[in-house]
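Undergrad: The structure's right below; bear with me while I get my questions together.
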Amino acid sequence: MGDPKKHTKTFSTPTHPWNKERLDKEKIYMKAYGLKNKTEIYKVESMLRKLKSNAKGLLKGQDTPQKDLERENMISRLVSLGLLKDNKTVDAVLSLTFEDLFNRRLQSLVVKKNLTSSMAQSRQAIIHEHVLVGDKKITSPSYLLNLKEEASLSF
């Protein structure tokens, strides 16, 4: 299992390091969402890949009570995160994109609520503990906000 104090990677890097199409897309994401480095892109990509593979696993095979429970939990979690609207089907999970996840990050929501004027400024405000979610200071710009937490976002 490993040492509990040792952090493990939560993402996987691209298989080919010099793919021009992928590098151009990453550059666009870096500029549009004010990311620090490309590992943030890789983390979102891995999270999206896991969500989609779980959804595919829930779609195939026979329906069992356990599978129904897992499907219900997955959909309720994604609805509470604001990634799914009222589409209560697992098929909607397969249509999620990078932009959906990037738009739910704390850094993006601070700019969307006009608390700061740019992504870089919002990242700095979050890291310098100027942004409150409820009564807690969140210092991670990549924090995914729930819909309930979004209402209590303040500067």
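Values quoted throughout were computed directly from the atomic coordinates according to the rules given, and no laboratory measurement underlies them. Everything quoted here is computed from the prediction, not taken from an experiment. Positions of Cβ are generated from backbone atoms using ideal geometry, with glycine treated the same way; all protein chains shown enter the neighbour counts.
Undergrad: For helix 20-33, report the angle its Cα long axis makes with the longest principal axis of the Cα atoms of the chain; keep it between 0 and 90° and round to the nearest 10°.
TA: Helix 20-33 sits at roughly 60 degrees to that axis.
Undergrad: How large is the charge dipole for the chain, taken about the Cα centre, if only the Cβ atoms of Lys, Arg (+1) and Asp, Glu (-1) carry charge, to the nearest 20 debye? Let's see the in-between values first.
TA: Values: 29 positive and 18 negative charges, 91 e Å.
Around 440 debye, computed over the chain.
Undergrad: Got the relative contact order for the chain handy, in percent, Cα pairs under 8 Å and 6 or more residues apart? Walk me through the numbers on the way to the answer.
TA: Working: 146 pairs, mean separation 28.9, N = 155.
Once divided by the residue count of the chain, the mean separation gives 19 percent.
Undergrad: Taking amide H positions as placed 1.01 Å from N in the peptide plane, with prolines and chain starts having none, which residues 5 or more places from Leu132, or on another chain, fall under 5 Å of its amide H?
TA: Correct list: Ser154, Phe155.
Undergrad: So how strong a dipole does region 112-155 carry about its Cα centre when Lys and Arg Cβ are +1 and Asp and Glu Cβ are -1, to the nearest 20 debye? Mind dumping the intermediate values first?
TA: Working: 6 positive and 4 negative charges, 18 e Å.
Dipole about the Cα centre, nearest 20: 80 debye.
Undergrad: Cα-Cα over 21 Å: which of Lys5/Lys67; Lys9/Lys67; Lys67/Lys88; Lys113/Lys148; Lys27/Lys137; Lys113/Lys136?
TA: Numbers: Lys5/Lys67 33 Å; Lys9/Lys67 28 Å; Lys67/Lys88 15 Å; Lys113/Lys148 15 Å; Lys27/Lys137 30 Å; Lys113/Lys136 18 Å.
Violating the 21 Å limit, Cα to Cα: Lys5/Lys67; Lys9/Lys67; Lys27/Lys137.
Undergrad: Let me ask another. In region 81-155, what is the volume of the convex hull around the alpha carbon atoms, normalised per residue and reported in Å³?
TA: Working: hull volume 6.3 nm³, N = 75.
Measuring per residue, one finds 84 Å³ for the Cα hull of region 81-155.
Undergrad: Here are labelled values, (i) 47, 17, 14; (ii) 28, 22, 16; (iii) 26, 24, 20, and one is the computed semi-axes √(5λ) of the Cα gyration tensor in Å for what I pasted. Which one?
TA: (ii)
Undergrad: Let me ask something additional. So for the pair Ile127, Thr139, with labels modelled 7 Å out along Cα→Cβ, what separation do we get in nm?
TA: 1.2
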